[in-house]
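Have a look at the structure below, then the notes.
The values are calculated or read from the model by the stated rules, or taken from the named source; none is laboratory data. Just so you know, these numbers come straight off a predicted model, no measurement behind them. Using ideal geometry, Cβ is built from the backbone for each residue, glycine included, and neighbour counts are taken over all protein chains shown. The accessibility values were calculated without ligands, DNA or RNA, using every heavy atom of the protein model including side chains. Shrake-Rupley method; radii C 1.70, N 1.55, O 1.52, S 1.80 Å.
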Amino acid sequence: MSLEGILMQVTVMVNGQNFTNDIEPRMLLVHFIRDVVGLKGTNVGCETSSCGACTVHVDGKSVKSCTVLAVQADGMSVTTIEGLASLDGEMTALQKSFQNCHALQCGFCTPGMIMAMESFLLENASPSEAEVRHALEGNLCRCTGYHNIVKAVLSAST
Amino acid sequence: MFVSLGLDKIQEVFADAAIGLGRARIFAQFELLMRSYRKAWSEVIPVKFEYYRATDVSDAIDVLASARDAKVIAGGHSLLPLMKLRFASPMTLVDIGRISSLSYILDRGEYVAIGALTSLRDIETSPILKTSVPILSYAASFVGDPSVRHRATIGGSVVHGDAAGDLPSVMLAVGATVVLQGPDGKRSVSVDDFFLGFLETNINFDEVLLEIQVPKSDAGWARSEFNRRAQDWAIVGVAVLGGKSPRVSLINMASTPIRAFACEDALVAGGSIKEAADLVSSDLDPPEDLNATSAFRSHLANVLVRRALERSL
Ligand SMILES: Cc1cc2nc3c(=O)[nH]c(=O)nc-3n(C[C@H](O)[C@H](O)[C@H](O)COP(=O)(O)OP(=O)(O)OC[C@H]3O[C@@H](n4cnc5c(N)ncnc54)[C@H](O)[C@@H]3O)c2cc1C
Ligand code: FES
Ligand code: FES
């Protein structure tokens, strides 16, 4: 039997809306989000789980969506950077502090940074600077030198 | 559409290079080659496979035993990278990730029982482990980053058995036992007998790792690694559990996670810490790679083991 053309139906809830599609089992979640759902805020930097640009939340926890199969997320709830702000466009405290602290330059790493740090702050609402830096290990930024990113996360913490 | 780009194309480019075509032409060819690669592979990288989501352990075992070339996938954080590089190309993936009954950390008196699907983030933050097996939760906090630790499971880490992994060496240091289930029932294996060869562990294709039993200990311990950048894998690492007969294990000093028996024996025989550390690689043949020569690895192991013993004995 050839594996050619074996498709599976999945339903993934992305930012509160269900998407049901027939996909190849080998499709990565990040490609499902970008190419099937059509949300381009989740970036692909390395595709090898090193850079963190593709970070999204699956059932409320940050994961690198280039290292998750879309079929593994079947029936789960995914939040991307587009799903953070409230319906009237009000950004989260962390998004605002990225803006206020000038925590981005080109902005390529920013969606992943924010998704990773939103999840981190849920687990640790008042981290130390050292804890923030340790938690940022999986997100690379080639522009800012990280200082303002660390500042933004600290200023959004309690 | 899947464009097949074989070795022949690459050979063609190298042949052109060999007969001395201009640099510009060769670069242009490489550019074309890379562009077609990206086009062909950027969307879906692993080879095609069938996907089956197991409802429980016996369901998983049934499929593993009957499907063609099937492999378990848990968090996928070791397997998917291998599949993307096409170092692994199973025809069937059996996803055990939804078997929630395999995710637990339980105090069972003498030991702590950890379900195979427990995430490394849960291990890092578990109050039970922080008190009873602190070396394990501490070591888990160095694996990848928080997002990796949300997905990566302890079972996957142990079954993968990477010599460079952080947790297999800790399992050796604490003397853990793994519990496996296959078509003929359950069996328990000491981790001392679990790591067989390069990425090869003592588990059959139709077995599922259920649980890891980690003895409690209040002995001194230390765990450290040497690497060049924060996020990197250890070039060499060490885990030590002290007590009457200390256990010393090493990361990246052989093709498997490995115990430093010569060093342990020297300590039991009353040797000093320095004498024991000097013996650490006497019965080993450390690998060479881009990060370190064999001799440099031996040097690192000596220093790391000496410091770890000073802290834990
Ligand atoms: C970016 C990144 C950084 C990392 N950094 C580190 C690091 O610094 N240190 C480190 O030690 N590790 C590191 N890892 C590896 C990580 O620790 C392992 O990938 C993870 O623990 C494996 O668990 P998994 O659930 O993802 O396994 P999977 O990838 O799902 O499986 C791995 C292997 O185990 C088998 N398997 C899994 N579970 C079972 C089971 N219950 N029964 C039978 N077979 C099973 C699979 O068939 C496969 O062969 C990193 C990974 C990534 C992606
Ligand atoms: S694209 Fe996923 S971590 Fe870089
Ligand atoms: S702002 Fe450019 S990569 Fe981070």
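Which of B:G161, B:G109, B:G237 ends up with the largest GNM mean-square fluctuation for chain B, with Cα atoms connected below 10 Å?
Evaluated over chain B, the most mobile residue of the options is B:G109.
So, with a 1.4 angstrom probe, what is the percent of accessible area on segment B:50-95 that is carbon and sulfur? Could you put the intermediate results ahead of the total?
Working: 1030 of 1930 Å².
Answer for segment B:50-95: carbon and sulfur cover 54 percent of the accessible area.
Going by alpha carbons, how many degrees (0 to 90, nearest 10) lie between the helix axis of B:23-41 and the longest principal axis of chain B?
Here the helix axis deviates by roughly 70 degrees.
For chain A, just say rounded, prolate or oblate: build the C-alpha gyration tensor, square-root its eigenvalues into a ≥ b ≥ c, call rounded for a/c under 1.5, and beyond that prolate if a/b exceeds b/c, oblate if not. Show your work: numbers first, answer last.
Working: a/c = 2.27, a/b = 1.86, b/c = 1.23.
Taking the square roots of the gyration eigenvalues as a ≥ b ≥ c, chain A is prolate.
Straight distance only, please: which lysines reach the Cα of B:K186 with their own Cα at less than 25 Å, same-chain residues fewer than 8 apart left out?
B:K71, B:K216
Might you tell me the accessible area per residue for the protein assembly as shown, computed with a 1.4 Å probe and given in Å²? The partial results should precede the final answer.
Values: 21220 Å² over 471 residues.
About 45 Å² of surface per residue is accessible.
What residues does segment B:114-152 have that are buried by at least 30 Å² of accessible area in the full protein assembly compared to the chain on its own, 1.4 angstrom probe?
B:R121, B:D145, B:P146, B:S147, B:H150, B:R151
Apply the a/c threshold of 1.5 to the C-alpha gyration tensor of chain B and tell me whether it is rounded, prolate or oblate. Before the final figure, lay out each step's value.
Working: a/c = 2.36, a/b = 1.32, b/c = 1.79.
Oblate, because a/c is 1.5 or more while a/b does not exceed b/c.
For peptide A:66-73, how many partner chain Cβ atoms fall within 10 Å of a residue's Cβ, on average? Walk me through the numbers before you get to the answer.
On the way: counts 4, 12, 6, 11, 1, 6, 11, 0.
Mean shielding by partner chains, rounded to a whole number: 6.
Which one, A:T55, A:V68, A:M13, is farthest towards the positive end of the dipole of segment A:7-158 when Lys and Arg carry +1 and Asp and Glu -1 on their Cβ?
So the residue furthest toward the plus end is A:T55.
Mind checking B:299-306 for the average number of partner chain beta-carbons within 10 Å of each residue's beta-carbon? Before the final figure, lay out each step's value.
Working: counts 0, 0, 0, 0, 0, 0, 0, 0.
Other-chain Cβ atoms within 10 Å of each residue's Cβ, averaged: 0.
How far is helix A:147-156 tilted off the main Cα axis of chain A, in degrees rounded to 10, range 0 to 90?
90
Where Lys and Arg each count +1 and Asp and Glu each count -1, what net charge lies around B:F195 among other residues with Cβ under 13 Å from its Cβ? The partial results should precede the final answer.
Working: positive: B:R259; negative: B:D162, B:D192, B:D193, B:E200.
Here the charged neighbours net out to -3.
How well do other chains shield peptide A:51-61, expressed as the mean number of their Cβ atoms within 10 Å of each residue Cβ?
Details: counts 0, 3, 0, 1, 3, 1, 2, 3, 1, 1, 7.
Per residue, the number of nearby Cβ atoms from other chains is 2 on average.
At a probe radius of 1.4 Å, figure out the B/A buried accessible area, summed over both chains, and give it in Å² to the nearest 100.
Interface between B and A: roughly 3300 Å².
If packing is taken as the mean number of other Cβ atoms within 10 Å per residue, what is the order of B:49-58, B:82-91, A:105-114, highest first?
On the way: B:49-58: 17.3, B:82-91: 15.5, A:105-114: 21.0.
So the peptides B:49-58, B:82-91, A:105-114, ranked by packing, come out A:105-114, B:49-58, B:82-91.
So which residue, out of B:D193, B:D62, B:D184, gets the largest mean-square fluctuation from a GNM of chain B using Cα contacts under 10 Å as springs?
Looking only at B:D193, B:D62, B:D184, the biggest GNM fluctuation is shown by B:D184.
Local charge sum around B:L82 (other residues, Cβ-Cβ under 12 Å, Lys/Arg +1, Asp/Glu -1)? Write out the running numbers ahead of the final one.
Numbers: positive: B:K71, B:K84, B:R86; negative: B:D162.
Once all neighbours under 12 Å are counted, the net charge is +2.
According to the square roots a ≥ b ≥ c of the eigenvalues of the Cα gyration tensor, what is the shape class of the protein assembly as shown, taking rounded for a/c under 1.5, prolate for a/b larger than b/c otherwise, and oblate for the remainder?
Values: a/c = 1.38, a/b = 1.30, b/c = 1.06.
Here the protein assembly as shown falls in the rounded category.
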